[in-house]
Amino acid sequence: DKDVFKYYADGEWRVSASGKSVTITNPSTRQPQYKVQACTQEEVNKALESAKAAQKLWAKVPLWKRAEALHKAAAILKQHKDPIAKCLVKEIAKPAKDAVSEVVRSGDLISYCAEEGVRILSEGKLLVSDSFPGNDRNKLCLASKIPLGVVLCIPPFNYPVNLAVSKIAPALIAGNSVVLKPPTQGAVAGLHMVHCFHEAGFPKGLISCITGKGSEIGDFLTMHPGVNCISFTGGDTGIAISKKAGMVPLQMELGGKDACIVLEDADLDLVAANVIKGGFSYSGQRCTAVKVILVMESVADALVERVNAKVSKLKVGAPEDDCDITAVVSESSAKFIEGLVMDAKEKGATFCQEYKREGNLIWPLLLDHVRPDMRIAWEEPFGPVLPVIRINSIEEGIHHCNASNFALQGCVFTRDINKAIMISDAMETGTVQINSAPARGPDHFPFQGLRDSGIGSQGITNSINMMTKVKSTVINLP
Ligand code: G3H
């Protein structure tokens with residue numbers, strides 16, 4: 001079938017021997033949009049074999065040349081931002097402008113990785129022995145960073161390009177090879193992005209992109225002995241992967257329930273603007289979205305009023321028209337979100353807007369007076385529905401935040417910097433933003449989740465370091 005996008009392995013675009021394909025449904029129209037190859041386990045084996053062979057050679061390519069190749073890929077990616085963004089619009093209903101930004105940000109990320117890699121990977125360490133009791137100064141240890149081998153990269157549907165390159169670029173600059181398993185929704189954008197690396201002239205086998213059904217190749221990939229590192233972003237699947245994976249380093253980011261704590265002295269216009277951006281951009285389908293507002297009772301009415309005024313201005317509709325709120329990624333996602341809304345309704349939450357859904361399109365909704373017995377107080381909707389919990393003390397807000405399984409980011413709004421720091425210290429999350437909505441970027445900042453939100457730390461520098469291991473050579477003097 002000539003309509004099925006080919007997968008990429010050993011430097012070539014290929015048709016799977018399975019003869020089967022996976023259909024990508026357009027979230028807005030709910031009609032089939034694209035088809036990709038359903039790769040077999042045998043094809044996974046082959047891709048991993050060539051990744052292993054290519055990595056051995058790549059590790060010997062001078063660092064400055066690896067950086068040069070990455071800069072080239074970044075430039076090609078940026079040149080092709082429009083066709084790639086168009087795929088994002090069709091496959092994941094990302095608003096048109098955000099789709100372009102995702103690709104541009106990805107190009108910038110690749111270049112920054114190349115530059116950062118050149119600096120940090122050029123540094124090693126020299127240790128001398130006589131600091132440890134019983135030793136003379138007769139041993140010198142030269143410690144340097146070497147690559148891990150083959151890095152398996154599994155990005156999620158919400159950033160199929162950006163969260164792919166945030167794994168691929170650090171892996172490559174550090175001398176690793178890469179096997180990419182793109183999300184089904186977003187696979188075609190992922191294949192186009194890989195094509196930019198192909199055009200940049202990376203060696204055969206160094207990068208491959210294996211599409212297919214998770215049920216057929218998911219566990220097979222993550223449990224494969226040829227994989228030396230897994231970098232995963234997504235949902236609960238990550239917890240299952242961490243239980244099954246072998247003795248390989250894991251980097252995982254698995255969602256969040258980022259809280260927005262609002263104190264009495266907060267600038268409420270600033271809070272409202274950040275709640276809209278943080279809670280509703282890409283229809284709430286970001287792991288770093290604001291997912292619960294914890295506001296002091298005395299300012300709650302004023303805040304809810306301001307947020308409602310802004311919610312009413314959000315444009316709901318097609319991603320092609322660059323609407324703010326677009327269809328959520330799938331019907332099962334829409335149903336899950338609806339389940340949370342109905343549970344909140346039964347338990348007495350106040351609906352600030354009328355609940356409305358057409359197919360996968362859900363209108364933005366603020367739920368006030370949410371209480372801890374409601375599912376939406378704890379669960380991650382990944383949709384344009386945002387709960388407000390009114391609190392009577394800062395401790396109550398911190399307690400809610402720390403009682404969550406998730407611990408990615410959080411934010412606090414106050415004009416009192418001392419209180420802000422105190423609250424940041426008390427919030428057990430990977431990052432706390434003071435007076436702004438949570439966000440991963442700028443992409444060189446450390447990015448990490450605690451508890452069920454992840455393992456390890458990302459961000460350009462941390463990812464490069466994570467994708468290396470330390471090798472020591474000890475010189476023993478007579
Ligand atoms: O969805 C998870 C992403 O890592 C969030 O990135 O804060 O740039 O939207 P973002």
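For the chain, what is the calculated [θ] at 222 nm in deg cm²/dmol (nearest 500), taking -39500 (n - 2.57) for each run of four or more DSSP H residues and dividing by its residue count?
Numbers: 14 runs with 180 residues, N = 478.
When only DSSP H runs of four or more count, the value is -12000 deg cm²/dmol.
What do you get for trypsin sites (Lys or Arg not before Pro) in segment 131-225 restricted to DSSP loop and a cutoff of at most 10 other Cβ within 10 Å of the site's Cβ?
Qualifying residues, ordered by number: R137.
For the residue pair D416 and M342, what label-to-label distance in nm results when each label sits 7 Å from Cα along the Cα-to-beta-carbon direction?
My value for the distance between the label points is 4.4 nm.
Probe radius 1.4 Å, ligands and nucleic acids left out: which of S472, S50, S106 has the largest accessible area, and how do the rest follow? Walk me through the numbers before you get to the answer.
Numbers: S472 60, S50 20, S106 0 Å².
Final ranking, largest accessible area leading: S472, S50, S106.
Classify the chain: rounded, prolate or oblate, from the alpha-carbon gyration tensor (a ≥ b ≥ c, eigenvalue square roots; a/c under 1.5 rounded; otherwise prolate if a/b is larger than b/c)? Please list the in-between numbers first.
Details: a/c = 2.13, a/b = 1.31, b/c = 1.63.
Taking the square roots of the gyration eigenvalues as a ≥ b ≥ c, the chain is oblate.
Would you mind calculating the gained length between L314 and K20 on full extension (0.36 nm times residue separation, minus the Cα-Cα distance), in nm to one decimal? Please list the in-between numbers first.
On the way: separation 294, 0.36 × 294 = 105.84 nm, distance 4.09 nm.
Result: 101.7 nm gained on full extension.
Loop only per DSSP, at most 11 neighbouring Cβ atoms within 10 Å: give me the trypsin sites (Lys or Arg not before Pro) in segment 19-90, ordered by residue number. Before the final figure, lay out each step's value.
Working: sites: K20, R30, K35, K46, K52, K56, K60, K65, R66, K72, K78, K81, K86, K90; in loops: K20, R30, K60.
Counting only loop positions with at most 11 other Cβ atoms within 10 Å, the trypsin sites (Lys or Arg not before Pro) in segment 19-90 are K60.
Give me the net charge of S144's neighbourhood, meaning all other residues with Cβ under 13 Å from the Cβ of S144; Lys, Arg count +1, Asp, Glu -1. Please report the intermediate quantities before stating the final value.
Values: positive: K125, K145, K469, K471; negative: E123.
Here the count lands on +3.
In terms of the ratio Rg/(2.2 N^0.38 Å) built on C-alpha atoms, what value belongs to segment 215-254? Let's see the in-between values first.
Details: Rg = 9.3 Å, N = 40, 2.2 N^0.38 = 8.9 Å.
Here the Cα radius of gyration is 1.04 times the empirical estimate.
Going through segment 380-444, which GluC sites (Glu not before Pro) have at most 15 other Cβ atoms within 10 Å and a DSSP loop state?
On the way: sites: E395, E396, E428; in loops: E428.
Those that pass, being in a loop and sparsely packed, are E428.
Is the shape of segment 231-328 best called rounded, prolate or oblate, per the rule: a/c under 1.5 gives rounded, else a/b larger than b/c gives prolate, else oblate, with a ≥ b ≥ c the square roots of the Cα gyration tensor eigenvalues?
Working: a/c = 3.85, a/b = 1.64, b/c = 2.36.
Taking the square roots of the gyration eigenvalues as a ≥ b ≥ c, segment 231-328 is oblate.
Across 5 Å bins from 0, what is the distribution of all Cα-Cα pair distances for segment 26-181, in whole percents?
2, 8, 13, 15, 15, 14, 11, 7, 5, 3, 2, 2, 1, 1, 0
What's the carbon and sulfur percent of segment 16-60's accessible surface, probe 1.4 angstrom, rounded to a whole number?
Working: 1210 of 2400 Å².
Taking all protein chains in place, segment 16-60 shows 51 percent carbon and sulfur surface.
Taking the 0 to 90 degree range and rounding to the nearest ten, how far is the long axis of helix 96-120 tilted relative to the main principal axis of the chain, both from C-alpha atoms?
Its long axis makes an angle of about 40 degrees.
Relative to the longest principal axis of the C-alpha atoms of the chain, give the angle of the C-alpha long axis of helix 63-79, reported between 0 and 90° and rounded to the nearest 10°.
Tilt relative to the chain: about 40 degrees.
Taking 0.36 nm per residue of separation and subtracting the Cα-Cα distance, what length does fully extending D236 through S332 add? Before the final figure, lay out each step's value.
Values: separation 96, 0.36 × 96 = 34.56 nm, distance 1.53 nm.
Here the segment from D236 to S332 would lengthen by 33.0 nm.
Tell me the accessible surface of Y355 in square angstrom (1.4 angstrom probe, heavy atoms of protein chains only), to the nearest ten.
Number for this one is 50 Å².
Given a Förster radius of 60 Å and the C-beta distance between K125 and E354 as r, what FRET efficiency does 1/(1 + (r/R0)^6) yield to the nearest 0.05? Provide the component values of the computation, followed by the final result.
On the way: r = 62 Å, r/R0 = 1.03.
So the FRET efficiency works out to roughly 0.45.
Among the DSSP beta bridges whose two residues both lie in the chain, what percent are antiparallel, rounded to the nearest 5? Provide the component values of the computation, followed by the final result.
On the way: 32 of 70 bridges.
In the chain, approximately 45 percent of DSSP beta bridges are antiparallel ones.
What is the sum of charges, Lys and Arg at +1 and Asp and Glu at -1, for the other residues whose Cβ falls under 15 Å from the Cβ of F382? Kindly include the intermediate steps, with their values, before the conclusion.
On the way: positive: K94, K257, R286, K291, K335, R357, R375; negative: D236, E253, D258, E331, E338, E379, E380, D452.
Once all neighbours under 15 Å are counted, the net charge is -1.
By how many nm would the segment from L140 to W64 grow when fully extended, if each residue of separation counts as 0.36 nm and the alpha-carbon distance is taken off? Please report the intermediate quantities before stating the final value.
Details: separation 76, 0.36 × 76 = 27.36 nm, distance 2.75 nm.
Taking L140 through W64 to full extension adds about 24.6 nm, to one decimal.
Can you give me the angle between helix 297-311 and the longest principal axis of the chain, using Cα atoms only, in degrees from 0 to 90, rounded to the nearest 10?
80 degrees
Quick one: net charge of L268's neighbours, Cβ under 13 Å, K/R +1, D/E -1? Walk me through the intermediate numbers first.
On the way: positive: R306, K310, R415; negative: E264, D265, D267, D269, D301, E305.
Computed value for this residue: -3.
The values are calculated or read from the model by the stated rules, or taken from the named source; none is laboratory data. A quick note: this is a predicted structure, and the numbers were derived from the prediction, not measured. Cβ: placed from backbone, ideal geometry, glycine included. Neighbour counts: every protein chain shown. When the accessible area is computed, the model is the full protein with side chains, heavy atoms only, and any ligands, DNA or RNA have been set aside. Shrake-Rupley method; radii C 1.70, N 1.55, O 1.52, S 1.80 Å.
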